[in-house]
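The values are calculated or read from the model by the stated rules, or taken from the named source; none is laboratory data. Please read all numbers here as calculations on a predicted model, not as lab measurements. A quick note on method: Cβ atoms are made from the backbone with ideal geometry, for glycine too, and the neighbour counts reach across all protein chains shown.
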Amino acid sequence: MTDAAKDNGTFGERVRAFLDLNTSMDKVANDRMLTAELLLLVRMSFANKAVDPAEADAFAAICTRLLGLNGDELTDILKYLNDFGYETTDAQAADMLAGLDEARKRQILDHMAMVAKADGEVDPRERRLLEATARRLGFA
């Protein structure tokens, strides 16, 4: 919508135009906790050195259905995570999430487990990442 159209549009059109500015990419870029969770999910996808299509589907389902992100923006979100998260270790990402309430931390671990189990097998590297993250989040 052009600036002129925004000025002349109905109230509903102006509200829709404003909401369109708040993309999923913006949500990820402005939410450190969400970024940390997504980094851990991506790392879980790659933990066994290859991303199985079922793991990619699980990641996309978590992003869209459970985290409310726009599926059309997932490629851009993955690029963002690659560009800005490559220097963040798994431990640093988990440490960022350690202050969340217990229910939210369990939810994050559940999301990670969903990705790990998506291909029907939990690789030892996936298990280690899940266990290390659980410890950092305060679970024995």
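If I filter region 54-89 down to residues being within 11 Å of the chain's Cα centre (by Cα) and in a loop (DSSP other than H, G, I, E, B), which single residue comes out as surrounded by the most Cβ atoms within 10 Å (Cβ to Cβ)?
Leu69
Going by the conditions given, is Lys49 among the charged types (D, E, K, R) and either assigned to a helix (DSSP H, G or I) or within 13 Å of the chain's Cα centre (by Cα) (or both)?
Answer is no for this residue.
Taking region 118-133, which residues are without any contact (Cβ under 8 Å) to a residue 40 or more places away in the chain, surrounded by 15 or more Cβ atoms within 10 Å (Cβ to Cβ) and assigned to a helix (DSSP H, G or I)?
none
If Ala118 meets every condition in (1) modelled with pLDDT of 95 or more; (2) under 21 Å from Thr23 (Cβ atoms) apart from one, which number is that one?
(2)
Leu97 versus (1) at pLDDT 95 or above; (2) crowded, with 18+ Cβ neighbours inside 10 Å; (3) more than 13 Å from the chain's Cα centre (by Cα): which is the lone unmet condition?
(3)
Kindly check whether there is at least one residue in region 90-101 that is free of Cβ contacts under 8 Å to residues at least 24 places away in the same chain and part of a loop (DSSP other than H, G, I, E, B).
yes
Taking region 44-67 only, how many residues are modelled with pLDDT under 95 and either basic (Lys, Arg) or over 25 Å from Val122 (Cβ atoms) (or both)?
1
Would you confirm whether any residue within region 12-29 is part of a helix (DSSP H, G or I), of a type in the set (S, T, N, Q), modelled with pLDDT of 95 or more and crowded, with 16+ Cβ neighbours inside 10 Å?
no
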